[in-house]
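Structure record follows, encoded as structure tokens.
The values are calculated or read from the model by the stated rules, or taken from the named source; none is laboratory data. All values reported here derive from a predicted model rather than from experimental measurement. Here the Cβ positions follow ideal geometry from the backbone for every residue, glycine too, while neighbour counts run over all protein chains shown. For accessibility, only protein heavy atoms count, side chains too; no ligands or nucleic acids. Shrake-Rupley method; radii C 1.70, N 1.55, O 1.52, S 1.80 Å.
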Amino acid sequence: MGLTGLFLISFLVVHSGINACIWANDHGEMFNKAAHFMGASVVIRILENGLFVGFIIHIVQGFILVAKNRSRRKIGYQVALGNRGSRWYSRSMGLLGTLILLFLVLHLYHFWTPSRLGGYFNIHELQPVAYENGKEIHNLYAEMLQVFQGNSPVVLIYVLGCFSLSFHLMHGFQSAFRTLGLHNQRYVVIVKTVGTLYSIIIPLALAMMPLSIYFHWVN
Amino acid sequence: MEHYKMNLTLKVWRQKNHQDKGQFVTYQVAGISSEMSFLEMFDVLNENLIEEGKEPIAFDHDCREGICGTCSMYINGRPHGPWQGTTTCQLHMRAFKDGDTIVVEPWRANAFPVVKDLIVDRSAFDRIIQAGGFISVNTGNAVDGNTLPIEKSRADESFAAAACIGCGACVAACKNSSAMLFVSAKVSHLALLPQGEPEKHSRVLNMITHMDKEGFGACSNTGACEAVCPKEISLDNIARLNMEYLGSSLTMDK
């Protein structure tokens, strides 16, 4: 869980970095070019498959782990220890992970499916757009506008998905390092601090994207 | 310190044997002194029950000075009760006030089956120790303290890990019923010392394998074990155990 978790954590930096291009406020030009680069490069397409494998291993192993751990105590307590021993999100990694998975399915349906499979299986294709070199690329930005503008339930689900991600990372970031054996006090403090900041900044940045489009903060 | 008497309502888990379904039974105890230990309060209750011709409550206890790790009560939702770094026998009744209701349960984990009432079978811990928690080199006669140089900080860390009394509170508190804090304390205690060095790889592999075999859950680093440990064993030991395990599983054949 720790290794795949750290792999997915590194992916989130790339994902939020590219999405942040929408704030260039250039009608999505920088964002579309960045998204095109992510789709056109052979190296990145290979890495994309690695990412899928990482996701699948993390999800399957997570479900197996939660089921196994739950089965270790057939009779529960009358009075629960609750927050006296640990944080609620540390105890709810399975639930938070499931919420993120549900969000992920919706998110892939919105963007990955038309971007990669558009034109096949009756899936709509993304509109083309051409910039200075005249080459047509997918207008993923237009798709973002279409998905989020005036669509408050979808925006709300995305924001809730980012909340789940934030709390999942709040525990997962430092726990991954502990699973790999980190116990040097100086580094533990650094990892905890960086982990907390990461768990707030990255999901906040991701949540701001649908909100920015919904509230017309970007053109 | 203020001395006072209190009347209490106790909800205690009663179970005839491992096969019995078990249930909570409510008892009233009167005139309990704030100076008593929690186990002395149970002694008073048991004397009352014997006088009434009822079966006394079975509970584990031995040294009653916080070092043997035998007492094992889950009091008001916390192993060893409300005080930090304290065993049940060292918990005093001044932690409670007159009129309180106290719920007392046994440790709950498949690996710790209930023997009777509040007594659970913790022999799984003994078997984990038998799997590798020892040094098999011949140490000969006792040598002078400074014959073998050991860095002070390592000696201190080892000693802190060796403070584990194997009570099982970590398993009781963990939502996964994981024994990782116990195993990590035992592995760290020996791995940090030169005497433990020769067998450190096989020790960690054997102990972890046996821990899994006994039916304990996996660690998810929630920290509940560290929070309730009467000897305040650090969660850092689990990270050290993970590192030892990772290194050993990559380098050892078995």
Inset, instruction - Could you identify the single residue in A:THR113, A:THR98 that is without any contact (Cβ under 8 Å) to a residue 60 or more places away in the chain, farther than 19 Å from A:LYS33 by Cα and surrounded by 14 or more Cβ atoms within 10 Å (Cβ to Cβ)? - result: A:THR98
Legend entry - Qualifying residues in the range A:188-219 (those that are within 18 Å of A:GLY172 (Cβ to Cβ) and hydroxyl-bearing (Ser, Thr, Tyr)) - the one least open to solvent (accessible area, probe 1.4 Å): A:SER199
Inset, instruction - Output the number of residues of the range A:52-97 satisfying the condition of being more than 7 Å from every other protein chain (Cβ to nearest Cβ), within 14 Å of B:SER178 (Cβ to Cβ) and part of a loop (DSSP other than H, G, I, E, B). - result: 1
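Would you check which residues across the range B:114-126 are crowded, with 16+ Cβ neighbours inside 10 Å and either more than 10 Å from chain A (Cβ to nearest Cβ) or not aliphatic (A, V, I, L, M) (or both) and list them?
Going through the range B:114-126, the residues crowded, with 16+ Cβ neighbours inside 10 Å turn out to be B:114-120, B:122, B:124-125.
Correct list: B:VAL115, B:LYS116, B:ASP117, B:LEU118, B:ILE119, B:VAL120, B:ARG122, B:ALA124, B:PHE125.
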Inset, instruction - All but one of (1) at pLDDT 95 or above; (2) open to solvent by 30 Å² or more (accessible area, probe 1.4 Å) hold for B:ALA142, so report the exception by its number. - result: (1)
Legend entry - Residue selected from the range A:69-101 under the condition of a type in the set (D, E, K, R) and farther than 26 Å from B:SER234 by Cβ, by the criterion farthest from the chain's Cα centre (by Cα): A:LYS74
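Only one residue in A:ARG116, A:ARG178, A:ARG186 is among the basic types (Lys, Arg) and over 30 Å from B:GLY223 (Cα atoms). Which one?
Details: A:ARG178 fails: over 30 Å from B:GLY223 (Cα atoms); A:ARG186 fails: over 30 Å from B:GLY223 (Cα atoms).
Every option except A:ARG116 fails the conditions.
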Inset, instruction - May I ask you to verify whether B:GLN130 is out of contact with any Cys (no Cβ under 7 Å at 6 or more places or on another chain), outside the structural domain of B:LEU192 (by TED's automatic domain parsing) and outside any strand (DSSP E or B)? - result: no
Legend entry - Test result for B:SER249, of a type in the set (S, T, N, Q), within 13 Å of chain A (Cβ to nearest Cβ) and over 17 Å from the mean Cα position of the chain (by Cα): yes
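In the range A:131-151, which residues are open to solvent by less than 60 Å² (accessible area, probe 1.4 Å) and at pLDDT 75 or above?
The first filter runs over the range A:131-151 and keeps only residues open to solvent by less than 60 Å² (accessible area, probe 1.4 Å), leaving A:131, A:134, A:137, A:139-145, A:147-148, A:151.
Those that are open to solvent by less than 60 Å² (accessible area, probe 1.4 Å) and at pLDDT 75 or above: A:ILE137, A:ASN139, A:LEU140, A:TYR141, A:ALA142, A:GLU143, A:MET144, A:LEU145, A:VAL147, A:PHE148, A:ASN151.
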Inset, instruction - With the checklist (1) within 14 Å of chain A (Cβ to nearest Cβ); (2) under 30 Å from B:THR251 (Cα atoms); (3) not charged (D, E, K, R) in hand, flag the one item B:LEU148 doesn't pass. - result: (1)
Legend entry - Every pair of residues 6+ apart whose Cβ atoms lie under 8 Å, when the first sits in the range B:159-176 and is farther than 15 Å from B:ARG78 by Cα while the second is among the hydroxyl-bearing types (Ser, Thr, Tyr) and assigned to a helix (DSSP H, G or I): B:ALA161/B:SER184; B:ALA161/B:SER188
Inset, instruction - Only one of these is out of contact with any strand residue (DSSP E or B) (no Cβ under 7 Å at 6 or more places or on another chain), open to solvent by less than 70 Å² (accessible area, probe 1.4 Å) and more than 26 Å from B:SER123 (Cβ to Cβ): B:LEU49, B:LEU39, B:LEU45. Name it. - result: B:LEU49
Legend entry - Options B:LYS200, B:LYS186, B:LYS231: the member that is more than 9 Å from chain A (Cβ to nearest Cβ), over 14 Å from B:ILE129 (Cβ atoms) and within 21 Å of the chain's Cα centre (by Cα): B:LYS231
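Any idea which of B:PRO82, B:PRO56 is modelled with pLDDT of 95 or more, part of a loop (DSSP other than H, G, I, E, B) and more than 14 Å from every other protein chain (Cβ to nearest Cβ)? Spell out how you get there, then give the answer.
Values: B:PRO82 fails: more than 14 Å from every other protein chain (Cβ to nearest Cβ).
Unique residue meeting the criteria: B:PRO56.
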Legend entry - Only listed residue being in contact with a His (Cβ under 8 Å, 6 or more places away or on another chain), in the same structural domain as B:VAL44 (by TED's automatic domain parsing) and either open to solvent by 30 Å² or more (accessible area, probe 1.4 Å) or not in a loop (DSSP other than H, G, I, E, B) (or both), chosen from B:CYS63, B:CYS71, B:CYS89: B:CYS89
Legend entry - In the range B:165-178, the residues that are away from chain A (no Cβ under 14 Å) and surrounded by fewer than 24 Cβ atoms within 10 Å (Cβ to Cβ): B:ILE165, B:GLY166
Inset, instruction - Just need a number here: residues in the range B:1-36 that are free of Cβ contacts under 8 Å to residues at least 12 places away in the same chain and either touching a Cys at 6+ places or on another chain (Cβ under 8 Å) or surrounded by 13 or more Cβ atoms within 10 Å (Cβ to Cβ) (or both). - result: 0
Legend entry - Pairs where the first residue, in the range A:157-182, is touching a residue at least 12 places away in the same chain (Cβ under 8 Å) and more than 14 Å from chain B (Cβ to nearest Cβ) and the second is open to solvent by less than 40 Å² (accessible area, probe 1.4 Å) and among the aliphatic types (A, V, I, L, M), C-beta under 6 Å, 6+ apart: A:VAL159/A:ALA207; A:CYS162/A:LEU206; A:CYS162/A:ALA207; A:SER164/A:LEU96; A:SER164/A:ILE100; A:LEU165/A:ILE100
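Here's a check for you: in the range A:1-28, which residue that is assigned to a helix (DSSP H, G or I), small (Gly, Ala, Ser) and in contact (Cβ under 8 Å) with a residue 60 or more places away in the chain is surrounded by the most Cβ atoms within 10 Å (Cβ to Cβ)? Quick ask: steps written out before the conclusion?
Step one: filter the range A:1-28 for residues assigned to a helix (DSSP H, G or I), giving A:2-24.
If we keep only those that are small (Gly, Ala, Ser) as well, we get A:2, A:5, A:10, A:16-17, A:20, A:24.
Applying the additional criterion that residues be in contact (Cβ under 8 Å) with a residue 60 or more places away in the chain yields A:2, A:5, A:16, A:20.
On the way: A:GLY2: 18, A:GLY5: 23, A:SER16: 17, A:ALA20: 16.
My answer is A:GLY5.
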